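Below: the structure, in structure tokens.
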Amino acid sequence: MSEAKDLVKKMCDIQNQDKDVQAALKGWKAVVQYQIDNNEFFYVVYKEDGTCEFKEGKAEKPTFTIIATSKFWCDVLRGKEDPVASFMMGK
């Protein structure tokens with residue numbers, strides 16, 4: 001398991017245990033597909049009640065897909081990279 005996958009899974013676990021996070025995300029529904037290092041696929045289903053579900057593999061119809069290296073995505077999650085600026089620069 002890549003470090004990026006591990007961090008995303010932990011974030012999902014935290015979200016499912018934290019009522020404040022669930023309240024903030026209540027009403028938001030999406031499927032976020034991750035493609036890490038070109039060969040690792042997993043996704044998170046965000047539910048309207050504010051909880052989420054981590055899943056292995058490829059989603060049938062993701063809302064959007066994040067394609068990145070494990071290192072880069074970990075840097076984004078840790079606040080070391082700005083995802084918008086990086087996207088605009090083609091990172």
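The values are calculated or read from the model by the stated rules, or taken from the named source; none is laboratory data. Just so it is clear, the model here is predicted, and its values are computed rather than measured. Neighbour counts run over all protein chains shown; Cβ positions are idealised from the backbone, glycine included.
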Residue check, Tyr43 against (1) outside any strand (DSSP E or B); (2) modelled with pLDDT of 95 or more, all met but one. Which one? (1)
Run Pro62 past the list (1) over 16 Å from Ala4 (Cβ atoms); (2) in contact with a Ser or Thr (Cβ under 7 Å, 6 or more places away or on another chain) and report the number of the one that doesn't hold. (2)
Out of region 6-32, which residues are under 17 Å from Arg78 (Cα atoms), aliphatic (A, V, I, L, M) and within 11 Å of the chain's Cα centre (by Cα)? Leu7, Val8, Met11
So which pairs qualify, if the first residue must be in region 12-27 and assigned to a helix (DSSP H, G or I), the second must be surrounded by fewer than 15 Cβ atoms within 10 Å (Cβ to Cβ) and aliphatic (A, V, I, L, M), the Cβ gap must be under 9 Å, and the two must be at least 6 apart or on different chains? Val21/Ile14
A careful count of residues in region 19-37 that are of a type in the set (D, E, K, R) and either surrounded by fewer than 12 Cβ atoms within 10 Å (Cβ to Cβ) or under 9 Å from Lys47 (Cβ atoms) (or both) gives 3
Inspect all residues belonging to region 70-80 and state whether any of them is assigned to a strand (DSSP E or B), under 23 Å from Met1 (Cβ atoms) and either without any contact (Cβ under 8 Å) to a residue 40 or more places away in the chain or aliphatic (A, V, I, L, M) (or both). no
Does Phe54 qualify as being of a type in the set (A, V, I, L, M, F, W, C) and either closer than 15 Å to Leu7 by Cβ or in contact with a Ser or Thr (Cβ under 8 Å, 6 or more places away or on another chain) (or both)? yes
